[in-house]
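Have a look at the structure below, then the notes.
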Amino acid sequence: MPLAFIIGTAGSGKSHFTAAFAEWLKMSKQDVAIVNLDPGALKLPYQPDVDVRNYVDVGDLMEKYNLGPNGALIMAADLIADEIENLTRDIEEAHADLVLVDTPGQMELFAFRASGPYIVNELTKEPKALLYLFDAVFSVNPFNYVSNMFLSAAVYNRFFQPQIHILSKTDLIPKKDVHEIASWSANPMALEDALQTKLEDSKRIFSHNMMQAINKLGMKFLLMPSSSKTNEGMVNINATLERLLNYGEKYTT
């Protein structure tokens, strides 16, 4: 019962990707369960099999401790760690062959607090991977793309789990832009050319230096274009997950 954590900046399409990927897997006769790990979610595009809101609820914390939304979210992020045993039990009782974990909308509350890596490490002892979403609309600008590379590298540094990089929401931008962003991820020289031609002055210099620093880490940022509306990329994403988590075999035989 491997786990795949869907992570990315606010608005990158994590919940809709989770819903679409789960539905695609079910249509492929795969046994999948969904975990909602966002205690502040008001509406979800899927019905979670395991829901952290059963144990930690932002609205309740705001009322009980007289907190604003941000303060309650910070408290909730840490309180989730205390519910690891309950969440693990719920996941195991779902008896799925693959578990998709939809992480909190505000990535920093999950990735950059001490509780985040603890949750990933302790939420069952099964194999795990991270699916990091690059928002296609945001990433059209090479300056933003490099910033997302930096965030993705920082997330890897926090969790040290196998990490897949996905270009989400590709249906919202022209195909030529999808191909260009994908080329940046495959060919550092293509990204270098984009930085030189599309950016000016300090932004160009800063992005160039940041790109070089990230490349020295040896991380690969090959992006798989994906759309939750058209199911583009689901085959490639699933095949990559199977290689990472299940020796290339289907989760449900």
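The values are calculated or read from the model by the stated rules, or taken from the named source; none is laboratory data. These numbers were taken from a predicted model, which means no experiment stands behind them. Note that we place each Cβ from the backbone using ideal geometry, even for glycine, and neighbour counts take in every protein chain shown.
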Expected output for the stretch 71-85 (first residue without any contact (Cβ under 8 Å) to a residue 12 or more places away in the chain and surrounded by fewer than 18 Cβ atoms within 10 Å (Cβ to Cβ), partner assigned to a helix (DSSP H, G or I) and of a type in the set (Val, Ile, Thr), Cβ below 9 Å, 6+ apart or cross-chain) is none
Please go through the stretch 14-35 and pick out each residue that is buried (at least 23 other Cβ atoms within 10 Å of the Cβ), touching an Asp or Glu at 6+ places or on another chain (Cβ under 8 Å) and not aliphatic (A, V, I, L, M).
Lys14, Thr18
What about Ile164, is it buried (at least 16 other Cβ atoms within 10 Å of the Cβ), touching a residue at least 40 places away in the same chain (Cβ under 8 Å) and in a strand (DSSP E or B)?
yes
Can you confirm whether the stretch 50-69 contains a residue that is surrounded by 14 or more Cβ atoms within 10 Å (Cβ to Cβ), of a type in the set (Asp, Glu), under 21 Å from the mean Cα position of the chain (by Cα) and more than 30 Å from Gln30 (Cα to Cα)?
no
Quick check on the stretch 167-221: of everything there that is polar (S, T, N, Q), within 23 Å of Ala239 (Cα to Cα) and surrounded by fewer than 20 Cβ atoms within 10 Å (Cβ to Cβ), which residue is farthest from the chain's Cα centre (by Cα)?
Asn187
What pairs come out if I take residues in the stretch 232-250 that are under 14 Å from Ile164 (Cβ atoms) and touching a residue at least 40 places away in the same chain (Cβ under 8 Å) and pair them with residues that are hydroxyl-bearing (Ser, Thr, Tyr) and part of a helix (DSSP H, G or I) whose C-beta lies under 8 Å away, six or more apart or interchain?
Gly233/Thr170
Test Glu180 against the criterion of being of a type outside the set (A, V, I, L, M, F, W, C) and part of a helix (DSSP H, G or I), and give yes or no.
yes
Can you name the number of the only condition in (1) more than 18 Å from the chain's Cα centre (by Cα); (2) under 25 Å from Thr170 (Cα atoms) that Lys125 fails?
(2)
So, first residue at negative phi in the stretch 14-43, second residue among the hydroxyl-bearing types (Ser, Thr, Tyr) and at pLDDT below 95, Cβ within less than 7 Å, six or more apart or across chains; the pairs are Gln30/Tyr251; Gln30/Thr252; Asp31/Tyr251; Asp31/Thr252
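Residue-by-condition table, conditions (1) in a loop (DSSP other than H, G, I, E, B); (2) closer than 26 Å to Asp78 by Cβ:
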residue: Ala4; (1), (2): no, yes
residue: Ile7; (1), (2): no, yes
residue: Ser12; (1), (2): yes, yes
residue: Ala20; (1), (2): no, no
residue: Trp24; (1), (2): no, no
residue: Val35; (1), (2): no, yes
residue: Lys43; (1), (2): yes, yes
residue: Tyr46; (1), (2): yes, yes
Which of the residues spanning the stretch 99-130 are touching a residue at least 40 places away in the same chain (Cβ under 8 Å), out of contact with any helix residue (DSSP H, G or I) (no Cβ under 7 Å at 6 or more places or on another chain) and not in a loop (DSSP other than H, G, I, E, B)?
Val101, Met107
Give me the residue from the stretch 207-253 that is of a type in the set (D, E, K, R) and in contact with a helix residue (DSSP H, G or I) (Cβ under 7 Å, 6 or more places away or on another chain) and, out of that set, nearest to Met149 (Cα to Cα).
Glu232
